[in-house]
Amino acid sequence: MAVVIFIVYFILFTSAARADYQNQLLISYEETKTREDSATEITSMNFSHYFKNVETSTGPWLLAPFIQRISSISFAIKDFEYTDNESYIDGRIRTLAVDISSKESPFVFGFISNRAEQHTMGQNSYRADIDNNGLSVGYYTEQYTLVTLGYTASKTVFSDTPYPLQSKARYISLTHVLLLTADSALSLSAQYQQEKFKSATNIKSTNLAANYFVNPQLGIGGAFLIQKSNIDNNNSTTIEINASYFISPKFQIQISHAQLKLDNAYGTESKTTHISGLVYF
(Lines give C-alpha, C1' and ligand atoms only; values in the text may rest on other atoms or scores of the structure.)
Protein backbone atom coordinates (compact mmCIF):
# COMPACT_ATOMS: atom_id res chain seq x y z
CA MET A 1 0.00 0.00 0.00
CA ALA A 2 2.84 2.38 0.85
CA VAL A 3 4.40 1.73 -2.57
CA VAL A 4 1.14 2.61 -4.34
CA ILE A 5 0.82 5.86 -2.37
CA PHE A 6 4.41 6.78 -3.23
CA ILE A 7 3.86 6.13 -6.96
CA VAL A 8 0.69 8.23 -7.04
CA TYR A 9 2.42 11.02 -5.13
CA PHE A 10 5.41 10.92 -7.49
CA ILE A 11 3.23 11.13 -10.61
CA LEU A 12 0.88 13.85 -9.38
CA PHE A 13 2.97 16.10 -7.22
CA THR A 14 6.49 16.21 -8.63
CA SER A 15 7.83 19.71 -9.19
CA ALA A 16 7.18 21.82 -12.28
CA ALA A 17 10.78 21.21 -13.38
CA ARG A 18 9.78 17.59 -14.00
CA ALA A 19 6.48 18.42 -15.70
CA ASP A 20 7.53 17.31 -19.20
CA TYR A 21 5.88 14.09 -20.37
CA GLN A 22 5.43 11.59 -23.19
CA ASN A 23 2.29 9.78 -22.02
CA GLN A 24 -1.23 10.85 -21.10
CA LEU A 25 -3.97 8.81 -19.44
CA LEU A 26 -7.54 10.15 -19.41
CA ILE A 27 -10.49 8.70 -17.50
CA SER A 28 -13.90 10.35 -17.88
CA TYR A 29 -17.56 10.08 -16.97
CA GLU A 30 -20.47 11.68 -18.80
CA GLU A 31 -24.21 11.77 -18.14
CA THR A 32 -26.98 13.03 -20.43
CA LYS A 33 -30.60 13.53 -19.35
CA THR A 34 -33.67 14.65 -21.29
CA ARG A 35 -37.19 15.76 -20.43
CA GLU A 36 -38.52 12.33 -21.41
CA ASP A 37 -36.82 10.73 -18.40
CA SER A 38 -34.24 9.01 -20.55
CA ALA A 39 -30.59 8.95 -19.52
CA THR A 40 -27.26 8.10 -21.11
CA GLU A 41 -24.12 7.29 -19.12
CA ILE A 42 -20.67 7.08 -20.73
CA THR A 43 -17.40 6.03 -19.13
CA SER A 44 -14.19 6.12 -21.12
CA MET A 45 -10.45 5.64 -20.86
CA ASN A 46 -7.90 7.02 -23.31
CA PHE A 47 -4.15 6.46 -23.42
CA SER A 48 -1.93 8.65 -25.62
CA HIS A 49 1.78 8.30 -26.31
CA TYR A 50 3.80 11.17 -27.81
CA PHE A 51 6.85 10.23 -29.86
CA LYS A 52 8.86 13.14 -28.49
CA ASN A 53 9.07 14.72 -25.07
CA VAL A 54 6.31 17.32 -24.57
CA GLU A 55 7.85 20.36 -22.93
CA THR A 56 5.74 22.46 -20.56
CA SER A 57 8.23 25.13 -19.57
CA THR A 58 6.37 27.93 -21.40
CA GLY A 59 2.78 28.63 -22.47
CA PRO A 60 -0.45 26.86 -21.45
CA TRP A 61 0.34 23.23 -20.70
CA LEU A 62 -2.76 21.88 -22.45
CA LEU A 63 -1.70 23.44 -25.77
CA ALA A 64 1.88 22.14 -25.68
CA PRO A 65 1.44 19.19 -28.12
CA PHE A 66 -0.25 21.48 -30.70
CA ILE A 67 2.29 24.29 -30.38
CA GLN A 68 5.24 21.88 -30.57
CA ARG A 69 3.71 19.72 -33.36
CA ILE A 70 4.45 16.36 -31.76
CA SER A 71 3.25 13.10 -33.30
CA SER A 72 1.13 10.75 -31.19
CA ILE A 73 -0.78 7.48 -31.08
CA SER A 74 -3.90 6.98 -28.95
CA PHE A 75 -6.03 4.06 -27.81
CA ALA A 76 -9.47 4.54 -26.27
CA ILE A 77 -12.31 2.43 -24.87
CA LYS A 78 -15.74 3.92 -24.27
CA ASP A 79 -18.69 2.14 -22.62
CA PHE A 80 -22.19 3.58 -22.83
CA GLU A 81 -25.66 2.82 -21.45
CA TYR A 82 -28.99 4.35 -22.45
CA THR A 83 -32.28 3.79 -20.63
CA ASP A 84 -35.83 5.08 -21.01
CA ASN A 85 -39.32 3.80 -20.29
CA GLU A 86 -39.32 1.38 -23.22
CA SER A 87 -35.79 0.24 -24.01
CA TYR A 88 -32.25 -0.32 -22.80
CA ILE A 89 -29.13 0.15 -24.94
CA ASP A 90 -25.52 -0.58 -24.08
CA GLY A 91 -22.33 -0.90 -26.05
CA ARG A 92 -18.59 -0.36 -26.34
CA ILE A 93 -16.49 1.73 -28.71
CA ARG A 94 -12.79 1.03 -29.36
CA THR A 95 -10.71 3.72 -31.02
CA LEU A 96 -7.23 3.89 -32.52
CA ALA A 97 -5.93 7.31 -33.62
CA VAL A 98 -2.59 8.36 -35.11
CA ASP A 99 -1.37 11.92 -35.72
CA ILE A 100 1.86 12.56 -37.62
CA SER A 101 3.28 16.05 -37.19
CA SER A 102 6.68 17.73 -37.15
CA LYS A 103 8.16 21.20 -36.76
CA GLU A 104 10.21 20.53 -39.90
CA SER A 105 7.06 20.21 -42.06
CA PRO A 106 3.85 22.28 -42.31
CA PHE A 107 1.79 19.13 -43.00
CA VAL A 108 -0.12 17.03 -40.47
CA PHE A 109 -1.53 13.60 -41.27
CA GLY A 110 -4.17 11.83 -39.23
CA PHE A 111 -5.88 8.44 -39.13
CA ILE A 112 -8.72 7.27 -36.89
CA SER A 113 -10.54 3.95 -36.67
CA ASN A 114 -13.58 3.17 -34.50
CA ARG A 115 -15.08 -0.27 -33.86
CA ALA A 116 -18.31 -0.42 -31.88
CA GLU A 117 -20.97 -2.91 -30.86
CA GLN A 118 -24.39 -1.89 -29.59
CA HIS A 119 -27.13 -3.99 -28.00
CA THR A 120 -30.72 -2.77 -27.93
CA MET A 121 -33.27 -4.50 -25.70
CA GLY A 122 -36.99 -3.73 -25.70
CA GLN A 123 -39.91 -4.42 -28.00
CA ASN A 124 -37.40 -4.68 -30.86
CA SER A 125 -34.16 -6.26 -29.66
CA TYR A 126 -31.15 -6.34 -31.97
CA ARG A 127 -27.37 -5.94 -32.20
CA ALA A 128 -25.51 -3.36 -34.27
CA ASP A 129 -21.85 -3.51 -35.30
CA ILE A 130 -20.32 -0.23 -36.42
CA ASP A 131 -17.09 0.41 -38.35
CA ASN A 132 -15.86 3.96 -38.83
CA ASN A 133 -12.58 4.98 -40.45
CA GLY A 134 -11.20 8.39 -41.25
CA LEU A 135 -8.21 10.17 -42.81
CA SER A 136 -7.18 13.80 -42.54
CA VAL A 137 -4.54 16.13 -43.93
CA GLY A 138 -3.66 19.38 -42.22
CA TYR A 139 -1.47 22.32 -43.20
CA TYR A 140 0.01 25.03 -40.98
CA THR A 141 -0.56 28.25 -42.90
CA GLU A 142 1.18 30.11 -40.08
CA GLN A 143 3.12 29.00 -37.01
CA TYR A 144 -0.01 28.42 -34.89
CA THR A 145 -2.73 28.27 -37.57
CA LEU A 146 -3.80 24.84 -38.84
CA VAL A 147 -6.26 24.09 -41.67
CA THR A 148 -7.45 20.47 -41.90
CA LEU A 149 -9.41 18.52 -44.51
CA GLY A 150 -10.89 15.20 -43.43
CA TYR A 151 -12.89 12.25 -44.74
CA THR A 152 -14.67 9.47 -42.82
CA ALA A 153 -16.68 6.43 -43.90
CA SER A 154 -19.07 4.55 -41.62
CA LYS A 155 -20.93 1.25 -41.92
CA THR A 156 -23.46 -0.18 -39.47
CA VAL A 157 -24.64 -3.79 -39.73
CA PHE A 158 -27.83 -4.79 -37.87
CA SER A 159 -28.68 -8.29 -36.67
CA ASP A 160 -32.37 -7.98 -37.63
CA THR A 161 -31.99 -6.77 -41.23
CA PRO A 162 -29.69 -7.57 -44.16
CA TYR A 163 -29.47 -3.90 -45.13
CA PRO A 164 -26.54 -1.97 -43.59
CA LEU A 165 -26.54 1.75 -42.85
CA GLN A 166 -23.67 3.49 -44.63
CA SER A 167 -22.49 7.09 -44.67
CA LYS A 168 -19.58 9.24 -45.83
CA ALA A 169 -18.54 12.55 -44.32
CA ARG A 170 -16.22 15.35 -45.37
CA TYR A 171 -15.11 18.22 -43.18
CA ILE A 172 -12.87 21.25 -43.07
CA SER A 173 -11.57 22.74 -39.85
CA LEU A 174 -9.50 25.71 -38.76
CA THR A 175 -7.54 25.98 -35.51
CA HIS A 176 -5.68 29.11 -34.43
CA VAL A 177 -3.74 29.73 -31.23
CA LEU A 178 -2.92 33.30 -30.25
CA LEU A 179 -0.19 33.54 -27.62
CA LEU A 180 -1.09 36.61 -25.58
CA THR A 181 1.81 36.44 -23.12
CA ALA A 182 4.42 33.85 -22.18
CA ASP A 183 1.81 32.11 -20.00
CA SER A 184 -1.62 32.95 -21.49
CA ALA A 185 -3.27 32.22 -24.83
CA LEU A 186 -6.51 32.19 -26.78
CA SER A 187 -7.44 29.10 -28.82
CA LEU A 188 -10.07 29.41 -31.56
CA SER A 189 -11.48 26.65 -33.77
CA ALA A 190 -14.19 26.20 -36.39
CA GLN A 191 -15.37 23.13 -38.30
CA TYR A 192 -17.89 22.47 -41.03
CA GLN A 193 -18.95 18.90 -41.87
CA GLN A 194 -21.33 17.34 -44.33
CA GLU A 195 -22.40 13.71 -43.88
CA LYS A 196 -24.37 11.83 -46.52
CA PHE A 197 -26.14 8.51 -46.02
CA LYS A 198 -27.06 6.04 -48.74
CA SER A 199 -30.63 6.41 -47.51
CA ALA A 200 -30.52 10.00 -48.90
CA THR A 201 -30.25 11.57 -45.44
CA ASN A 202 -27.96 14.60 -45.41
CA ILE A 203 -26.60 16.12 -42.17
CA LYS A 204 -24.65 19.38 -42.08
CA SER A 205 -22.93 20.56 -38.91
CA THR A 206 -21.07 23.72 -37.92
CA ASN A 207 -18.99 23.84 -34.75
CA LEU A 208 -17.39 26.96 -33.24
CA ALA A 209 -15.23 26.87 -30.09
CA ALA A 210 -13.05 29.25 -28.08
CA ASN A 211 -10.85 28.70 -25.03
CA TYR A 212 -9.00 31.31 -23.00
CA PHE A 213 -6.01 30.14 -20.97
CA VAL A 214 -5.56 32.52 -18.07
CA ASN A 215 -2.23 30.94 -17.13
CA PRO A 216 -0.43 27.64 -17.83
CA GLN A 217 -2.80 25.73 -15.51
CA LEU A 218 -6.26 27.25 -16.02
CA GLY A 219 -8.42 27.34 -19.15
CA ILE A 220 -12.07 28.32 -19.65
CA GLY A 221 -14.12 28.19 -22.82
CA GLY A 222 -17.26 27.40 -24.73
CA ALA A 223 -18.58 25.84 -27.91
CA PHE A 224 -21.57 26.27 -30.21
CA LEU A 225 -22.79 23.48 -32.52
CA ILE A 226 -25.56 23.56 -35.12
CA GLN A 227 -26.76 20.45 -36.96
CA LYS A 228 -29.19 20.57 -39.86
CA SER A 229 -30.77 17.63 -41.65
CA ASN A 230 -33.07 17.18 -44.62
CA ILE A 231 -35.14 14.88 -42.39
CA ASP A 232 -37.80 16.55 -40.23
CA ASN A 233 -37.16 16.90 -36.48
CA ASN A 234 -33.41 16.27 -36.79
CA ASN A 235 -32.12 19.85 -36.53
CA SER A 236 -30.38 20.67 -33.26
CA THR A 237 -28.43 23.37 -31.45
CA THR A 238 -25.88 22.69 -28.70
CA ILE A 239 -24.23 25.19 -26.36
CA GLU A 240 -21.36 24.13 -24.10
CA ILE A 241 -19.21 25.71 -21.41
CA ASN A 242 -16.05 24.07 -20.10
CA ALA A 243 -13.05 24.53 -17.83
CA SER A 244 -9.74 22.76 -17.30
CA TYR A 245 -7.26 23.06 -14.45
CA PHE A 246 -3.91 21.46 -13.61
CA ILE A 247 -4.00 20.65 -9.90
CA SER A 248 -0.33 19.76 -10.25
CA PRO A 249 2.04 19.61 -13.24
CA LYS A 250 1.15 15.93 -13.58
CA PHE A 251 -2.62 15.94 -12.99
CA GLN A 252 -5.44 17.84 -14.67
CA ILE A 253 -9.23 17.90 -14.31
CA GLN A 254 -11.69 18.94 -17.02
CA ILE A 255 -15.40 19.67 -16.61
CA SER A 256 -18.06 20.73 -19.09
CA HIS A 257 -21.80 21.24 -19.29
CA ALA A 258 -23.77 21.23 -22.55
CA GLN A 259 -27.40 21.80 -23.46
CA LEU A 260 -28.89 20.46 -26.69
CA LYS A 261 -32.23 21.48 -28.14
CA LEU A 262 -33.96 19.64 -30.98
CA ASP A 263 -35.98 21.68 -33.45
CA ASN A 264 -39.15 19.61 -33.25
CA ALA A 265 -42.76 20.04 -32.13
CA TYR A 266 -41.88 18.89 -28.61
CA GLY A 267 -38.92 21.20 -28.11
CA THR A 268 -36.89 18.26 -26.83
CA GLU A 269 -33.91 19.25 -24.71
CA SER A 270 -31.05 17.33 -23.16
CA LYS A 271 -28.34 18.32 -20.70
CA THR A 272 -24.90 16.71 -20.56
CA THR A 273 -22.37 16.92 -17.75
CA HIS A 274 -18.84 15.69 -18.33
CA ILE A 275 -15.90 15.31 -15.94
CA SER A 276 -12.50 13.82 -16.63
CA GLY A 277 -9.13 13.42 -14.96
CA LEU A 278 -5.83 13.31 -16.84
CA VAL A 279 -2.49 12.00 -15.63
CA TYR A 280 0.75 12.94 -17.44
CA PHE A 281 3.93 10.91 -17.12
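Within the range 238-270, work out how many residues are of a type outside the set (A, V, I, L, M) and at pLDDT 95 or above.
Result for the range 238-270: 12.
Looking only at the range 172-186, decide whether some residue is surrounded by fewer than 17 Cβ atoms within 10 Å (Cβ to Cβ), over 30 Å from Tyr245 (Cβ atoms) and in contact with a His (Cβ under 9 Å, 6 or more places away or on another chain).
no
Yes or no, residue by residue, for (1) in contact with a Ser or Thr (Cβ under 9 Å, 6 or more places away or on another chain); (2) over 26 Å from Ala153 (Cβ atoms):
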site	(1), (2)
Leu186	no, yes
Ala223	yes, no
Asn235	yes, no
Ile255	yes, yes
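Which is surrounded by fewer than 16 Cβ atoms within 10 Å (Cβ to Cβ), under 18 Å from the mean Cα position of the chain (by Cα) and farther than 29 Å from Gln252 by Cβ, of Ile226, Ile220?
Ile226
What is the residue count in the range 224-258 for residues that are hydrophobic (A, V, I, L, M, F, W, C), farther than 17 Å from Thr32 by Cα and assigned to a strand (DSSP E or B)?
The number of residues fulfilling the criteria is 7.
Can you pull out every residue in the range 69-99 that is in a strand (DSSP E or B), more than 14 Å from Thr40 (Cβ to Cβ) and of a type in the set (A, V, I, L, M, F, W, C)?
Within the range 69-99, Ile73, Phe75, Ala76, Ile77, Leu96, Ala97, Val98 qualify.
With respect to Lys271, determine if the residue is part of a strand (DSSP E or B), in contact with a Lys or Arg (Cβ under 7 Å, 6 or more places away or on another chain), on the phi < 0 side of the Ramachandran plot and surrounded by fewer than 15 Cβ atoms within 10 Å (Cβ to Cβ).
Considered against the rule, which asks whether it is part of a strand (DSSP E or B), in contact with a Lys or Arg (Cβ under 7 Å, 6 or more places away or on another chain), on the phi < 0 side of the Ramachandran plot and surrounded by fewer than 15 Cβ atoms within 10 Å (Cβ to Cβ), Lys271 comes out as yes.
Scan the range 116-130 and tell me whether some residue there is of a type in the set (S, T, N, Q), at pLDDT below 95, loosely packed, with under 14 Cβ neighbours inside 10 Å and within 30 Å of Ala190 (Cα to Cα).
The answer is no, given that none of the residues of the range 116-130 is of a type in the set (S, T, N, Q), at pLDDT below 95, loosely packed, with under 14 Cβ neighbours inside 10 Å and within 30 Å of Ala190 (Cα to Cα).
What tally of residues in the range 39-61 results from selecting those that are of a type in the set (Val, Ile, Thr), over 16 Å from the mean Cα position of the chain (by Cα) and surrounded by fewer than 17 Cβ atoms within 10 Å (Cβ to Cβ)?
Result for the range 39-61: 1.
Looking at Thr34, Thr83, Thr95, which one is surrounded by 14 or more Cβ atoms within 10 Å (Cβ to Cβ), at pLDDT 95 or above and within 30 Å of His119 (Cβ to Cβ)?
Thr95
So, in the range 197-208, exactly how many residues are in a strand (DSSP E or B) and either over 24 Å from Ile239 (Cα atoms) or acidic (Asp, Glu) (or both)?
Residues meeting the conditions: 1.
Give the residues of the range 137-156 that are exposed (fewer than 13 other Cβ atoms within 10 Å of the Cβ) and either β-branched (Val, Ile, Thr) or in contact with a helix residue (DSSP H, G or I) (Cβ under 7 Å, 6 or more places away or on another chain) (or both), sorted by residue number.
Result: Thr141, single match.
The values are calculated or read from the model by the stated rules, or taken from the named source; none is laboratory data. As the structure is a computational prediction, the values presented were derived from the model and not from experiment. Glycine also receives a Cβ, built like all others from the backbone with ideal geometry; neighbour counts cover every protein chain displayed.
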